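Asker: Please read through the structure below; I'll follow up with questions.
Every number in this text was worked out from the coordinates using simple rules, so none of it is lab data. These figures come from a predicted structure and were not determined experimentally. Cβ placement follows ideal geometry from the backbone for every residue including glycine, while neighbour counts extend to all protein chains displayed.
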Amino acid sequence: MKRLDENRLLVERQGSMRVDAVIYADDRIRLEDSAVDQLKDAASLPGVSQVLATPDIHHGYGVPIGSVVAMKEAVIPAAVGYDINCGMRVVTTPFKREEVDVDRVAESIARDVPLGEGRRNVRLSQDEFRVVLERGVRGLAEIDRGNARVWQVRRPEDEAEDIAHIEDFGSLPRDASAISARAMDRGHEQLATLGGGNHFIEVQVVERVENAKVAEAFHLFEGQICVMIHTGSRGFGHQVADEYMRTAKNKTVSQSPNPHLCFLPADSPEGQRYIGAMRAAANFAYTNRQMLTQFVRHNIRHLYGDAPMPIVYDVTHNMAKLETHGRRELWVHRKGATRAFPPERMKDTPFEEIGQPELIPGSMGTASYVLVGTSRAAESLFSVNHGAGRVMSRTAATGRGRGRRKKQRPAAISDKRFAETMRGIKLICADRRSVKEEAPDAYKDIDAVIEVVAAAGLAEVVARLRPLAVLKG
C-alpha cells in the first residue's frame with residue numbers, strides 16, 4: 001500500500017486486480033490483512049469499475065464490512081451481505097435531558113419491542129406480508145390489523161411525514177415473486193422485532209452541535225433526547241441473501257476471485273430475480289424500522305404527552321443500487337457503508353438544499369454522530385462508513401466458542417472492564433452471556449473514524465450524540 005495523504009491509502013493494482021483500491025484511514029486506524037486481501041479480491045472481479053473502503057473496514061464475508069464496490073453490469077450478493085438494508089434511524093423529541101427519566105423510557109420501550117434472535121411479534125398473512133414486500137412503508141396503509149399492538153399505536157399522520165425522510169421513501173421497485181417459500185415463512189412473523197448481534201435501540205442525548213444551521217434543519221439541539229434505531233431485514237433478509245449467494249456461486253464461481261465472492265450478470269434472469277428479492281428485503285427492513293419507531297413514539301408520548309417526534313432520516317448501509325456517477329451507470333454495492341449524497345442529488349426531498357443526513361453509531365458505550373453529505377465526496381461515490389468497525393471478533397471478546405465444538409477460551413474483555421465502559425448507561429438486553437460481543441473495546445475509536453471522514457471531505461459533522469440507555473438483543 002502507498003499513502004496518498006494523511007487520510008488515504010492506495011492499494012495499487014497487482015496480481016489479478018483489475019483496478020486500484022483506496023482505503024480511507026489515517027495511522028490510527030487498524031487494518032486487518034485479511035480485510036485488505038478481501039478488498040483486493042473485490043478489485044479482481046470481472047467488470048469492476050471502482051473499489052474503496054471506509055475507515056470502519058474489517059473482515060467480512062466475501063468483501064470487507066466497510067467497503068464500496070462499483071460494477072458495470074453485475075450484482076454481487078456477498079457485497080450486499082446477509083442483513084439486506086440493515087440501517088439507521090434517529091427519532092427526535094422536543095425534550096431536554098433533565099426533563100426525561102431515561103431508565104423509565106427504556107424499560108417502557110422494551111415491553112413493546114422483542115429483543116434478540118428468533119423473536120416474533122406481528123403475524124401477517126401471506127397476502128399481507130406480500131404487501132409489505134412490494135410496497136414497503138407505504139403498504140402499511142393497506143393493512144388493517146386493529147387487534148395488533150403495533151396497529152393500535154400507528155399514526156398515519158406521522159407515517160406520511162416519515163416517508164419523505166426515509167431513503168428511497170421507504171419503498172423500492174420490487175418483485176415478491178422472486179422470494180422463496182422458506183423466506184416467506186421465516187419473515188412473516190418477524191416484523192416489529194429488533195434482532196440480535198449489533199442491532200440496538202438507544203436513548204441518546206445530543207452532546208454537541210458542530211453545525212448549527214444544519215442541526216436546526218435536522219430538528220437537533222444540544223441537550224436534546226433522541227432515539228437511534230439500528231436493525232435490518234432479520235431472518236427474512238438472511239434467507240434471501242443465502243439463497244442468492246448460492247445461486248451466484250453456481251453461476252460464476254469459475255470467473256470469481258474466490259468462491260465467496262461470486263456475481264450475477266444484472267440483466268440475466270438470476271440477476272434480475274436477485275435485484276427484485278433484494279429490494280423486497282429492503283422494503284421489509286424499512287417497514288420494520290417504521291414499526292419500531294411507532295413503539296418508541298407511543299411509549300415516550302404515553303409518559304410525557306402528545307409531542308411532535310419527527311425523524312432525522314432513515315439510511316441504509318447494506319444495499320446495491322444502480323446510480324449514475326460522472327457519465328457511468330454503475331451498480332454501487334455498499335456493505336457496511338452508507339450513501340452520502342450532496343444537496344444536488346437530493347432533489348424533491350426535504351434535503352435538496354442541505355444534503356443527505358448520515359447516521360453513524362459508535363458502540364453501545366461510545367458516541368454516535370450525525371453528518372451531512374457534501375459535493376466533495378464524489379471520489380468515494382458519495383459513500384461514508386456505517387459505524388466504528390470491529391477490532392475484535394465476537395468469540396475473542398466473550399471467550400465463548402461458536403460452531404459445534406464451542407471451545408471455551410479466556411475472554412479478551414473482562415466483566416470488570418465491560419462494566420467500566422458501560423458505567424452510567426442503562427443496559428437492557430436479551431442475552432447477558434453474549435452482550436460483551438458488542439462491548440466498546442471490541443470496536444475502533446469512533447471519534448478517530450469520524451475525524452478521517454471529515455478530514456477527507458466525505459461528509460461534514462453536524463452533531464455528536466451520547467448513549468444514555470441501550471436496548472440490545
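Asker: Using Cα centres only, tell me the gap between segment 1-77 and segment 192-240 in whole Å.
Answerer: Answer, in whole Å: 27.
Asker: Okay, moving on. How long is the gain from Ala455 to Asp348 if the chain were fully straight, where each residue apart is worth 0.36 nm and the alpha carbon distance is subtracted? Spell out each step's value before the answer.
Answerer: Values: separation 107, 0.36 × 107 = 38.52 nm, distance 2.92 nm.
Stretched out fully, the Ala455 to Asp348 stretch lengthens by 35.6 nm.
Asker: Moving on. Just add up the charged neighbours of Gln190: K/R +1, D/E -1, any other residue whose Cβ is under 9 Å from the Cβ of Gln190.
Answerer: On the way: positive: Arg119, Arg120, Arg186, Arg234; negative: Glu189.
Neighbour charge sum, excluding Gln190 itself: +3.
Asker: Hey, for a label at Asn258 modelled as a point 7 Å past Cα toward Cβ, could you say which residues of segment 11-37 have their backbone N under 12 Å away?
Answerer: Only 33-37 fall inside the zone, counting backbone N under 12 Å.
Asker: In addition: Relative contact order for the chain: what percent, with Cα pairs under 8 Å and sequence separation of 6 or more?
Answerer: Numbers: 1133 pairs, mean separation 108.2, N = 473.
It rounds to 23 percent for the chain.
Asker: Using a Förster distance of 51 angstrom, determine the FRET efficiency expected from the C-beta separation of Asp415 and Arg155, and round it to 0.05.
Answerer: Numbers: r = 42 Å, r/R0 = 0.83.
E(calc), rounded to 0.05, equals 0.75.
Asker: Pick out, from Ala79, Pro64, Thr54, the residue whose Cα sits farthest towards the positive end of the charge dipole of segment 19-82, with +1 on the Cβ of Lys and Arg and -1 on the Cβ of Asp and Glu.
Answerer: Highest projection toward the positive end goes to Ala79.
Asker: Packing-wise, with mean Cβ within 10 Å as the measure, how do 275-287, 214-226 rank, highest first? Don't skip to the end; give the middle numbers.
Answerer: Working: 275-287: 27.5, 214-226: 19.3.
In decreasing order of mean packing, 275-287, 214-226 become 275-287, 214-226.
Asker: Further question on the same structure: Starting from the Cα of Ser125, step 7 Å along the direction of its Cβ; do the same at Ser375; then give the gap between the two resulting points in nm.
Answerer: Output for this residue pair reads 5.3 nm.
Asker: Here is a further query. Please label the shape of segment 77-117 as rounded, prolate or oblate, based on the square roots a ≥ b ≥ c of the eigenvalues of the alpha-carbon gyration tensor (a/c under 1.5 means rounded; beyond that, a/b larger than b/c means prolate, else oblate). Write out the running numbers ahead of the final one.
Answerer: Values: a/c = 4.80, a/b = 2.00, b/c = 2.40.
It comes out oblate by the Cα gyration axes.
Asker: Here's a follow-up. Straight-line reach only, C-alpha to C-alpha below 28 angstrom: list the lysines that Lys72 could link to, leaving out same-chain residues fewer than 8 apart.
Answerer: Lys72 reaches Lys2, Lys40, Lys249, Lys251, Lys321, Lys335, Lys347.
Asker: While we're on this one: Once you list every other residue whose beta carbon is under 14 Å from the beta carbon of Gly336, what net charge do they have if Lys and Arg are +1 and Asp and Glu are -1?
Answerer: Summing Lys and Arg as +1 and Asp and Glu as -1 gives +1.
Asker: Continuing with this model, one more query. Within a Cβ distance under 15 Å of Pro269, other residues only, what is the Lys/Arg minus Asp/Glu net charge?
Answerer: Local net charge: -3.
Asker: Continuing with this model, one more query. Among the lysines, select those whose C-alpha is under 21 Å from the C-alpha of Lys472, and discard any that sit fewer than 8 residues away in the same chain.
Answerer: Lys416, Lys426, Lys436, Lys444
Asker: With percent of Cα pairs over 38 Å apart defined as stated, name the option among (1) 29; (2) 42; (3) 18 computed from the structure displayed.
Answerer: (3)
Asker: Express the Stokes-Einstein translational diffusion coefficient of segment 258-381 in µm² s⁻¹, to the nearest whole number, given a Kirkwood radius over alpha-carbon pairs, 25 °C and a viscosity of 0.890 mPa s. Could you put the intermediate results ahead of the total?
Answerer: Details: Rh = 17.3 Å.
Estimated via Stokes-Einstein, D reaches 142 µm²/s.
Asker: Using the count of nearby Cβ atoms within 10 Å as a rough guide to exposure, how do Tyr24, Tyr304 rank from fewest to most? Can you show the working numbers first?
Answerer: Working: Tyr24 26, Tyr304 17.
With the sparsest Cβ surroundings first, the list reads Tyr304, Tyr24.
Asker: Could you check the spin-label model distance between Arg301 and Ser34? Points 7 Å from the Cα along Cα→Cβ, value in nm.
Answerer: The modelled label-to-label distance comes out at 4.7 nm.
Asker: Could you state the number of Å between the C-alpha centres of segment 115-141 and segment 437-473?
Answerer: What the calculation gives is 31 Å, centre to centre.
Asker: If a helix is a whole DSSP H run, which ones in the chain reach 24 Å or further along their own axis (Cα) and hold a mean Kyte-Doolittle hydropathy of at least 0.5? It would help to have the intermediate numbers written out before the result.
Answerer: On the way: long enough: 234-252 (27 Å, -1.32); 269-304 (52 Å, -0.61).
TM-like helix candidates: nothing returned.
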